[in-house]
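Everything on this sheet refers to the single structure shown next.
The values are calculated or read from the model by the stated rules, or taken from the named source; none is laboratory data. None of the values given here were measured: they were computed from a predicted structure. When we count neighbours, we look across all protein chains shown, and the Cβ atoms used for this are built from the backbone with ideal geometry, even at glycine.
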Amino acid sequence: MKKLQLFLSHTSLVLLLSFIAIGCSSENDEPMNPEAPKEKGTRHIEGTIITISGDESNYDGLYSFFNKELPIWSVSKQDNNFQLDNLSETCHFINSYEELRSIYTGKETLPNIDFGSYTLIVGQKCSNNVYDNFDKQLFYEKDGKYILDLFLSSEIVHPTIVYYNYWGLYPKLSNKEINVNLIINE
């Protein structure tokens, strides 16, 4: 039995390290959409920021902050600079800098956010598989609840328990129940 456990642990570790090596060797540094800034490594995920009418602010700094401080996925609490407990799925409605500071543990300067007009949502969702691409997110209200659909895709699916970290800036929201769904694009 111990040999089987050791074999399974070793196999899982090899698969995870293989996935990391493949992901790190990607030759495609292009942004996910044409509106993304040309800064290397910055990704704009469609639906991450929904602005209020008349807001013409530049949110490149917000994207850069989250691209650096909150990776798309993690396998342990040490993988990001936010207090997101990897033993549970978490979703925070943030309406002030004090609330943001209470979950952010990194050393970077916090991005400029107009909390009088916007709510920031930061959280994580568990999956049994690792997907290569976080394509978009869709936020809406249905039957008195908020729904956040996170769309993922991949040519190769890696069976590993992983947490998808997400964030979004939305016009001011009340603190209602939210259902977060992982939608796999095949």
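Here are the numbers for the structure shown:
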{"read-out": "Residue within segment 154-170 that is farther than 14 Å from Cys126 by Cβ, assigned to a loop (DSSP other than H, G, I, E, B), touching a residue at least 40 places away in the same chain (Cβ under 8 Å) and in contact with a Ser or Thr (Cβ under 7 Å, 6 or more places away or on another chain) present", "value": "no"}
{"read-out": "Selection from segment 82-122 of residues that are in contact (Cβ under 8 Å) with a residue 40 or more places away in the chain, under 15 Å from Tyr163 (Cβ atoms), touching a Gly at 6+ places or on another chain (Cβ under 9 Å) and not charged (D, E, K, R)", "value": "Phe82, Leu84, Cys91, Val122"}
{"read-out": "Glu141, sole failed condition from (1) surrounded by 14 or more Cβ atoms within 10 Å (Cβ to Cβ); (2) in a strand (DSSP E or B)", "value": "(1)"}
{"read-out": "Test result for Tyr59, out of contact with any Pro (no Cβ under 9 Å at 6 or more places or on another chain), at pLDDT 90 or above and either surrounded by 15 or more Cβ atoms within 10 Å (Cβ to Cβ) or under 17 Å from Thr48 (Cα atoms) (or both)", "value": "no"}
{"read-out": "Scan of segment 160-178 for residues that are of a type outside the set (Ser, Thr, Tyr) and loosely packed, with under 12 Cβ neighbours inside 10 Å, ordered by number", "value": "Asn175, Lys176, Glu177"}
{"read-out": "Phe93 being touching a strand residue (DSSP E or B) at 6+ places or on another chain (Cβ under 7 Å), hydrophobic (A, V, I, L, M, F, W, C), within 21 Å of Leu182 (Cβ to Cβ) and outside any strand (DSSP E or B)", "value": "no"}
{"read-out": "Among residues of segment 148-183, those that are among the β-branched types (Val, Ile, Thr) and over 21 Å from Ile49 (Cα atoms), counted", "value": "5"}
